[in-house]
Amino acid sequence: QVQLVEAGGGLVQPGGSLRLSCAASGSISSSHIMDWYRQAPGQQREWVARITSGGETTYADSVKGRFTLSRDNAKATTYLQMNSLRPEDTANYSCRYVAGIRIYWGQGTQVSVSS
């Protein structure tokens with residue numbers, strides 16, 4: 001089992017920044033992928049970004065250049081730095097752990113971008 005706990009969400013004005021975190025605990029494989037997804041009300045869940053165990057990152061076009069994903073392996077935590085936030089970034093953000101067929105999700109943290 002792997003447990004994921006997200007934190008860092010909140011209300012921010014357009015153009016502002018937030019840093020989300022996803023802390024993992026439990027039976028963590030040395031080789032795994034961490035994804036971030038988001039889901040806005042009435043919308044399908046959207047993939048946001050990915051980081052591999054080796055630190056390689058990929059981003060959705062909608063956040064590229066504004067969001068940065070990093071990880072602290074010692075703390076088993078990934079960080080999603082979100083800059084230049086827009087109202088359309090408003091969503092519930094959740095992280096996902098993938099190691100082979102083992103997939104775990106966190107419960108998510110709400111991000112609201114509004115003036």
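Say we look at region 89-107 and pick out the residues that are part of a loop (DSSP other than H, G, I, E, B) and of a type outside the set (A, V, I, L, M, F, W, C); which of these is least open to solvent (accessible area, probe 1.4 Å)? Out of the qualifying residues, it is Gly106. Within region 36-58, does at least one residue satisfy the condition of being in contact (Cβ under 8 Å) with a residue 40 or more places away in the chain, open to solvent by less than 80 Å² (accessible area, probe 1.4 Å), among the polar types (S, T, N, Q) and not in a strand (DSSP E or B)? Scanning region 36-58 turns up no residue that is in contact (Cβ under 8 Å) with a residue 40 or more places away in the chain, open to solvent by less than 80 Å² (accessible area, probe 1.4 Å), among the polar types (S, T, N, Q) and not in a strand (DSSP E or B). Being assigned to a strand (DSSP E or B), farther than 17 Å from Gln44 by Cα and under 13 Å from the mean Cα position of the chain (by Cα) is a description that does not apply to Gln110.
Given the conditions (1) in contact (Cβ under 8 Å) with a residue 12 or more places away in the chain; (2) surrounded by fewer than 17 Cβ atoms within 10 Å (Cβ to Cβ); (3) of a type in the set (Gly, Ala, Ser), which single one is not true for Ala74? All conditions pass for Ala74, except number (1). Kindly establish whether Arg19 is part of a strand (DSSP E or B), of a type in the set (D, E, K, R) and buried (at least 18 other Cβ atoms within 10 Å of the Cβ). When the stated conditions are applied, Arg19 does not pass them.
The values are calculated or read from the model by the stated rules, or taken from the named source; none is laboratory data. Computed from a predicted model, the values in this text were never measured in an experiment. Neighbour counts are summed over all protein chains in view; Cβ atoms, including those assigned to glycine, are modelled from backbone coordinates with ideal geometry. For the accessible areas, the whole protein counts, side chains as well, though only heavy atoms, and no ligand, DNA or RNA atoms are used. Shrake-Rupley method; radii C 1.70, N 1.55, O 1.52, S 1.80 Å.
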